[in-house]
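First the structure, in the form of structure tokens, and then the observations on it.
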Amino acid sequence: FVFQNSYAHLLYAQQWSFLGSIFTPTQAGKYYSYVAGLSSISSMIAGASVSHLVGRIGLPGLLGMAALSLTCTLLLADWAYSLSEKHGFDPSMELQKRSKQKKSHKSTKEQEQQSSSVDTTNSQQQSSTSLLHQIRHAISLFRQVPTLGALFFESLSFQSLSTILSTCLVTQLKDAVPNDAARAAWTGNFYACVNGLSTVFQFFIMPKLAQKMEPRDLWKLMPILPLFCGVVQFLPTSFFPDRFAMASSSSALYLVAISFLTAKTMDYSLRNILAEMAYVPLSFEARFKGKEIIAVFANRFGKSGMALILSGLHFSSGGGVGLSGLTLFATLGWLTSAVNLSKLIPSKEEAERLVAERNSASNNEENVSNGDADEEPKKKK
């Protein structure tokens, strides 16, 4: 579980960064939903199969199948990078160009300082690779690209909301379904429904929305439905008619499940696609390094930080924690961060212009470097 929430999640983020480096904003809006839809189909099949497989191979067997699927993912990712290198659209070529420029600048600087002190140069090299230098570089990157900071807080707020809803679901599910195998089957069917709805949204609704609406408008509209579910969950049971039997454990379970279902469906079908589209017009460092920080730190810190808060509230209140109030508060926080992020998202035309300028500048740098390399033999002659 720890491995899946750290290293495997990092690989997932890097795979989307790969797509963001080879697609234009128009292509991303057209194809991202289909890529996410295929992922939802595979997840839906896996979730629906849990209830059938858990009785045959047990929980240890399911862990073995998860490890096997991750191995297949790694092999396919390596194949994709090999194809990109073979056909000339490898995103790491931009990184190689930057590293060559840094090395040439570094060698020039070292030649100028050879007469002074070798120890000073070694200390500078050690400090450049220190953890403090990396933190300062990350802070500088986020200051240069305000969109990264907005994405960071949006991810932090949504993961906090997701953790609260997940805790509510687990608590209600434990009370309503005491059997472990039955709970695993119920959870598998739940995520199968989430991925099924996400697949419908990604294949049939999201492509049309991407063509007719700006991404910034979709960011503003996305939290509305989860906010409505949060308000319904916050209302007292006496507010509802008696025929709904909201005081029963099964009714409370399905109310929380609908809220979590709405949030996860928005996450899988819309939020992930909009977030990946937001990275496309950004620079190389923002697409890879900035995204690594957001995907690993913000996502994990949002979940672990909220889990610590819930644990503290549980012990301080003697087990009586008002999760419905926290859900509504976290949903409002997500709405605020999404609206702030939408103000920094460029329009479709502006995003296309930024990508065209970036590609043009990269091609010009490559032509200049090739011209300098051709002139060096002439000068020697």
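Spatially, the stretch 272-298 and the stretch 161-234 are offset by 23 Å when compared through their Cα centroids.
Once you sort the root eigenvalues of the Cα gyration tensor of the stretch 194-303 as a ≥ b ≥ c, which label holds: rounded (a/c under 1.5), prolate (a/b larger than b/c) or oblate (the other case)? Working shown, then result.
Values: a/c = 2.80, a/b = 1.90, b/c = 1.47.
Verdict is prolate for the stretch 194-303.
Taking a point 7 Å from the Cα of Glu350 along the Cα-to-Cβ direction, the residues of the stretch 150-175 with backbone N closer than 17 Å to it are 150-151. Summed over the residues of the stretch 271-312 and divided among them, the accessible surface reaches 34 Å² per residue at a probe radius of 1.4 Å. The label-point distance for Phe297 and Ser82, in a model that sets each label 7 Å from Cα toward Cβ, rounds to 3.5 nm.
Each label point was placed 7 Å from the Cα along the Cα-to-Cβ direction; for His133 and Ser251 their separation is 6.4 nm. Highest-first packing order for the peptide set 160-173, 139-152, 61-74 is 160-173, 139-152, 61-74, based on the mean count of other beta carbon atoms within 10 Å. Local charge for Val50 was computed over the other residues whose Cβ lies under 14 Å away, with Lys and Arg +1 and Asp and Glu -1, and equals +1.
Packing, as the average of other Cβ atoms within 10 Å across residues, places the peptides 177-187, 200-210 in the order 200-210, 177-187, highest first. Under 5 Å between amide hydrogens, which residues at least 5 positions from Leu235 or on another chain qualify, with H placed 1.01 Å from N in the peptide plane? Here the answer is none, since no amide H 5 or more places off falls under 5 Å of that of Leu235.
Between Val200 and Thr237, the modelled labels are 3.0 nm apart [label points 7 Å from Cα along Cα→Cβ]. With a Förster radius of 30 Å applied to the beta-carbon distance between Ser49 and Lys220, the computed FRET efficiency rounds to 0.20.
The values are calculated or read from the model by the stated rules, or taken from the named source; none is laboratory data. Here the structure is a predicted model, which is why all the values come from computation and not from measurement. Cβ coordinates were reconstructed from backbone atoms using ideal geometry, including for glycine residues, and neighbour counts include every protein chain displayed. Please note that ligands, DNA and RNA were not included when accessible areas were found on the heavy atoms of the full protein model with its side chains. Shrake-Rupley method; radii C 1.70, N 1.55, O 1.52, S 1.80 Å.
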